[in-house]
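The values are calculated or read from the model by the stated rules, or taken from the named source; none is laboratory data. These numbers were taken from a predicted model, which means no experiment stands behind them. As a convention, Cβ positions derive from the backbone with ideal geometry for all residues, glycine included, and neighbour counts pool all protein chains shown.
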Amino acid sequence: TTSTTRTELGAQTLWRQDRDHFIHPFTDYSTFHEQGCDLITDSDGIYVQDAHGNRFIDGIAGLWCVNVGHGRAEIGQAMADQATRMAYFSTFNNLSNAPAAELAAKLAELAPAHLNHVFYSCGGSAANDATIRLVHYYFNRLGKPSKKRIISRNNAYHGTTYMAATLTGIASNNWEFDTLDHLVTHLSEANCYRRPEGMSEAEYCDHLVAEFEETVERIGADNIAAFIAEPIMGAGGVLVAPEGYHARMQAVCRANDILFIADEVVTGFGRLGHFFASEKVFDTQPDIINCAKGLSSGYAPLGATLISDELFEVLGTPQGKGGVLSTGFTYSGHPVSCAAALKNIEIIEREDICKNVREVGPYLEERLKTLSHHATVGDVRGSHFMMCLENVADKATKELLPVDARVGDRVAFEAQQRGLIIRPVGHLNIVSPPLIWTRETVDRVVDILDEAFAATTESLREDGFL
Ligand code: PLP
């Protein structure tokens, strides 16, 4: 790595400062007060390093976002140049900046043909939140103010602002939190592994589409503004919908004047082998695509909502004398974030990183599937650089291990001991690496995971869980 390893004393001070003062997102307070956090202090390519100097392969691209890999000096330089030249100025009231303008045009070029307008925010949650506000405004402007309800899905993850948390359908994410339930209805998720017994995948798809149609019938199309979906559900367990699902859901939307919003916060910017997956992989033409994460590869906070010409025609019309489109953030189109995104996109194009994903992705899928022989590995699923292993107690019944077996944590711990960071989410383990992994990286990772699952099986047996 580029910087020197911190002293042990320094590492301990940081650990304590962090534990005593930083309220961490999504952190388990049954262990945090004692264990605190592992501090990641350095990074390079596919590797990260902790404060003690231990080096790990990054199997989660930071948090599904460091798509071009770590330590890209040219992104750092582009950000430094922009920060030195003009770090910030307003984008409200007919003011703009060069990177925001250039990036908007670039996104319009990369996105499906009809998505030519960009609304900037600071991340994925804010992008989804701003989108729903704009969608409500759009229907209000069309004289259809009753169209308010948003259809989402169980196990969806759309973020944690109030609105985004309400769109989110992972029940445990909202335990003891409130949600804006009058605005959102959740359909079933598309979970092929746990679909009703005896149903073929095609029948399952019919079943899910019928559920949507019945819901529209029940609530009334006049009361529904939009349907929002991740092309592949991420945090909810990397759930790949049955063939044709998204296109058929979009057809229901079209027939009922319901907007189709694709949340490509994870799937965008190469993770499935294309800049955007909606059209190229799933044959849909969303009215709105949201992106964040890989947009800047996590080098700076940034979200973008890509909006169709048709919608913009309404959003871009003044409401009346003195009226302005009064929504947006101080940091909408932040020059330093946009400069990072532009350099990031340049790298993705120059190195043809999407091609690497299309070539190495299927190999990652194939090699991870070889782990199915382990006692707990019930399902290996996903696509390209978006993968998940589901742990079960019994492969035949798909019954889960008790929560206190903490199987996901055990696998992640064993992997980390062997130099690989993957993400535990309950009983799942997610692999969502930087998009620069090679076949050799995949081989090393699968060797580590092979040992990690074997060690997990052994420890679960020792503790009487298997
Ligand atoms: N949408 C999806 C599909 C996500 O996976 C995430 C984050 O993981 C978000 C939205 C929220 O993005 P952020 O954490 O940047 O607010």
Selection from segment 429-451 of residues that are surrounded by fewer than 20 Cβ atoms within 10 Å (Cβ to Cβ) and not in a helix (DSSP H, G or I): T438
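Would you say V324 is at pLDDT below 95 and either in a loop (DSSP other than H, G, I, E, B) or within 14 Å of the ligand (Cβ to nearest atom) (or both)? Spell out how you get there, then give the answer.
On the way: at pLDDT below 95: yes; either in a loop (DSSP other than H, G, I, E, B) or within 14 Å of the ligand (Cβ to nearest atom) (or both): yes.
Criteria met by V324.
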If you go through segment 349-370 one residue at a time, do you hit one that is over 23 Å from H117 (Cα atoms), touching a helix residue (DSSP H, G or I) at 6+ places or on another chain (Cβ under 8 Å) and surrounded by fewer than 18 Cβ atoms within 10 Å (Cβ to Cβ)? yes
How do the helices (runs of 4 or more DSSP H) wholly within segment 16-122 filter down when requiring 1 or more residues that are over 21 Å from the mean Cα position of the chain (by Cα) and over 25 Å from L420 (Cβ atoms): which remain? 32-35, 73-86, 98-110
Restricting to segment 126-163, what's the tally of residues that are in a helix (DSSP H, G or I), in contact with a Ser or Thr (Cβ under 6 Å, 6 or more places away or on another chain) and more than 11 Å from the ligand (Cβ to nearest atom)? 2
May I ask you to verify whether E365 is part of a helix (DSSP H, G or I), among the acidic types (D, E), under 30 Å from A171 (Cα atoms) and outside the structural domain of P99 (by TED's automatic domain parsing)? yes
Of all residues in segment 76-100, which are closer than 18 Å to C122 by Cβ and small (G, A, S)? A83, A87, S90, S96, A100
Collect the residues in segment 327-362 that are closer than 27 Å to I132 by Cα and assigned to a loop (DSSP other than H, G, I, E, B), keeping them in residue-number order. T327, G328, F329, T330, Y331, S332, G333, H334
Just to check your reading of the model, which residue among A100, A104, A108, A126 is touching a helix residue (DSSP H, G or I) at 6+ places or on another chain (Cβ under 6 Å), assigned by TED's automatic domain parsing to the domain that holds S326, farther than 18 Å from F260 by Cβ and touching a residue at least 12 places away in the same chain (Cβ under 8 Å)? A100
